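Worksheet: one structure, shown below.
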Amino acid sequence: MKNIIFLSVIIGATLVSGCSKSNNSSTAPNHSATADTTKDDISGHDDTNHSSNTFAIQNIPISNHQFGEFPFFNLPAGLITTNPPIQRKYDIVYFPINGVMTPIEGRVWKSHISLEKPENGDWSLPYFLKSYDDAVTAVGGKKIFDGKIPDQEYKRYHDQAPYLGEDGSIGYADQDIRVYIIRRPDGDDIYLQLTGDTASGRVNILQEKPFKQTITLLQSEEIQQQLEDTGKAILYINFDSNKATLKPEGMVSIQEIKEVLDKDPQLKLEIQGYTDDIGSAEHNQMLSQARAEAVKNELVRANISSNRLQATGFGQTKPIADNQTEQGKAKNRRVELVKLNAD
């Protein structure tokens, strides 16, 4: 049975065997067959190795360690999560990679860490950092960054990281950050970053996993049923990113809407466009209006009278999901068909 990695056990074993053990990748065999990875080079400064501060991800040996349940690592003995950890099946977290804060997507665990019993002693930052360093490197992990991100880099990316400010957040310019990668055989690499000060620490663990779309296109019968039941239908019509140009699959939705209108010649619809909150409110308002008009124009080209259609953009107003997550943003990027005429 796969077991979770106990930091306290690993630390004890490390102390017994001596601290002279090299922080190398001998714990994970180097599978040359995987050297064709397309990941970018990763760089940073590592205080434990001044001879080289740049390396390629494909040169990191694959770890075949049998991990237990996510988030894989328990806490060092005597430490606790200050609040319930933030756990998301899918999110995007920024890590210092290749000299810039880079978004990585996947399953996420984040927490603020503190002493379980302060009356038994003071917080030790070296204990916190060494606990994770020993545990991660013991299973084939590699430290890829150890330092602070420049102020300029923080200013560049921080608006793109809406999670900053929530419990366990890492990625501020004044934080000393350590980042590790555990390369996995199936590409579901594990990223871990931590930071700490004289009173507490923070840990982020992410297992790389692509976004899985769960929103499906409504068929004409479903659109018609929603209009009859609630007076509106919510559609997720595919446009080119940040544009009002319909993708080929978006044209499929146009055909479904046309079928609904053909079945009921008296039906009139307001086509309402909505966006997520990425970008300025003014830009999103114009984008949503352009997308609503694009849907209307395609329906008119399909021989639906323009007198039966109205197009209105609402931008990032009236979200129906949390814009703090990618799933929420995807739900907010929508088109609503609102029935104008009475039954």
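Values quoted throughout were computed directly from the atomic coordinates according to the rules given, and no laboratory measurement underlies them. In this text the structure is predicted, and so the values were computed from the model without any measurement. We place every Cβ from the backbone using ideal geometry, glycine too, and count neighbours over all the protein chains shown.
Mind checking the full-extension length gain between Gln255 and Asp122? Use 0.36 nm per residue of separation minus the Cα-Cα distance, one decimal, nm. Could the numbers behind the result be given before it?
Details: separation 133, 0.36 × 133 = 47.88 nm, distance 6.67 nm.
Once the chain is fully extended between Gln255 and Asp122, it gains 41.2 nm.
Phi angles of the stretch 108-115 translate, via the Karplus equation with coefficients 6.51, -1.76, 1.60 and θ = phi - 60°, into HN-Hα couplings of 10, 9, 9, 7, 9, 10, 8, 5 Hz per residue; Gly and Pro are given as x.
Placing dummy labels 7 Å off each Cα toward the beta-carbon, the span from Asn297 to Ala56 is 4.5 nm. Its residues counted as N, the stretch 62-208 yields a C-alpha radius of gyration over 2.2 N^0.38 Å of 1.00. Expressed as a whole number of Å, what is the distance separating the alpha-carbon centroids of the stretch 277-337 and the stretch 121-160? Value for the Cα centre distance between the two parts: 41 Å.
Per 0.36 nm of contour for each residue apart, how much would the distance between Tyr236 and Met286 grow if the chain were fully extended, relative to their Cα-Cα spacing?
Details: separation 50, 0.36 × 50 = 18.00 nm, distance 1.82 nm.
Using 0.36 nm per residue and subtracting the Cα-Cα distance, I get 16.2 nm.
Label 7 Å along Cα→Cβ of Asp322; the stretch 152-176 residues with amide nitrogen under 16 Å? Correct set: 161-169. Measuring between their Cα centroids, the stretch 52-99 and the stretch 204-270 lie 37 Å from each other. In nanometres, what is the gap between the two model label sites at Asp167 and Asn64, each 7 Å from Cα along Cα-to-Cβ? It is 4.0 nm.
Taken along its principal axes, the alpha carbon cloud of the stretch 220-340 reaches lengths of 40, 28, 23 Å, longest axis first.
Extending 7 Å from the Cα toward the beta-carbon at both Thr82 and Asp174 defines two label points whose distance is 1.4 nm.
Could you pull out every one of the lysines with an alpha carbon less than 25 Å from that of Lys142, ignoring same-chain neighbours closer than 8 positions? In chain and number order, the partners are Lys2, Lys21, Lys39, Lys89, Lys110, Lys130, Lys209.
How high is the relative contact order of the stretch 62-208? Use alpha-carbon pairs under 8 Å, at least six apart in sequence, and give a whole percent.
On the way: 289 pairs, mean separation 43.0, N = 147.
Dividing the mean separation by the residue count of the stretch 62-208 yields 29 percent.
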